[in-house]
Amino acid sequence: MDALLPTNSIPALPDGAAQVWWAVPAQARVAHDALLSPDDLERRARLRRADDRDRLTVAYALARLVLARHLGAVAEDIRFERTCLHCGGAHGKPRVAGDAQGLRFSLSHSGDRVALGVLRGAELGVDVEQLKPDLDLDALTGATLAGDEAAELARVGAADRTLAFLTYWTRKEAVLKATGEGLQVPLKHLTVSGLGTPPELRAWTGRPEAPAQFRLYDLAAGDGHLASLATVDHPAVVVHEFDAGAVLYAVH
């Protein structure tokens, strides 16, 4: 991960590079409310758990701060639209409303991590998951893994099985977040590489062209978490990861 940045310092985003910004829910501040839209505030109010509310606050405040830097805009003026690809409802992948100048972003949060990925010129998806030792892998495997993946997982030792399962999960989720389809597509329709192998999409049921369209990257999510990034129809990128703490604390 790149060094902690000086206050208010957000590096430019050159072509051929992706940025991933890491934050934690505890960095949420009352001052961040000014960066949230009425829709964000309404969605936050419906969340029962304080840590879920903090994740939302940090995610959308950070997104506006970083996107504003790359768009040459005022953070409070950044608006998102969430049109669903399937039904047209307002619950799809968030995108910058208006002229986004080719800029795309993806948000994910789990446990003690909030991730923001940004890229110019192509869609991307980021997924982070907390390594929970109590995951019911037997129940999840059937709905998540293709046959070859399930066989591979069965050969993994018990100590590494959760890590191996979430390697498949985060790589698949990153792909589906990049397309904006999310869980509308069954995860078992995708086949990806597993633990200890370079990240790649190997197959997609009904879409033989898909493996050539996607590039996958492992991210440094830190202890107790696992994360992946995927891009669509874009040459290989250099991924720079940053601690967002200084950016978030600069808001007063």
Condition broken by residue 239, with the remaining ones in (1) at pLDDT 95 or above; (2) in the same structural domain as residue 156 (by TED's automatic domain parsing) satisfied: (2)
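Given the options 62, 41, 67, 47, name the one that is over 26 Å from residue 121 (Cα atoms), of a type outside the set (Lys, Arg) and in a helix (DSSP H, G or I).
Numbers: 62 fails: over 26 Å from residue 121 (Cα atoms); 67 fails: over 26 Å from residue 121 (Cα atoms); 47 fails: in a helix (DSSP H, G or I).
41 is the lone residue from the list that is over 26 Å from residue 121 (Cα atoms), of a type outside the set (Lys, Arg) and in a helix (DSSP H, G or I).
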When the residues of segment 94-114 are narrowed to those that are outside any strand (DSSP E or B) and out of contact with any strand residue (DSSP E or B) (no Cβ under 6 Å at 6 or more places or on another chain), which ends up nearest to residue 163 (Cα to Cα)? 112
Checking residue 69 against (1) touching a residue at least 40 places away in the same chain (Cβ under 8 Å); (2) of a type in the set (Lys, Arg); (3) farther than 19 Å from residue 106 by Cα, only one condition comes out false. Which one? (3)
For residue 218, are the conditions met, namely being in a loop (DSSP other than H, G, I, E, B) and free of Cβ contacts under 8 Å to residues at least 40 places away in the same chain? no
Of the residues in segment 143-153, those that are surrounded by 10 or more Cβ atoms within 10 Å (Cβ to Cβ) and without any contact (Cβ under 8 Å) to a residue 24 or more places away in the chain number 2
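The values are calculated or read from the model by the stated rules, or taken from the named source; none is laboratory data. Keep in mind that this is a model prediction, so the values were computed, not measured. Here the Cβ is made from the backbone with ideal geometry for all residues, glycine too, and neighbour counts use every protein chain on show.
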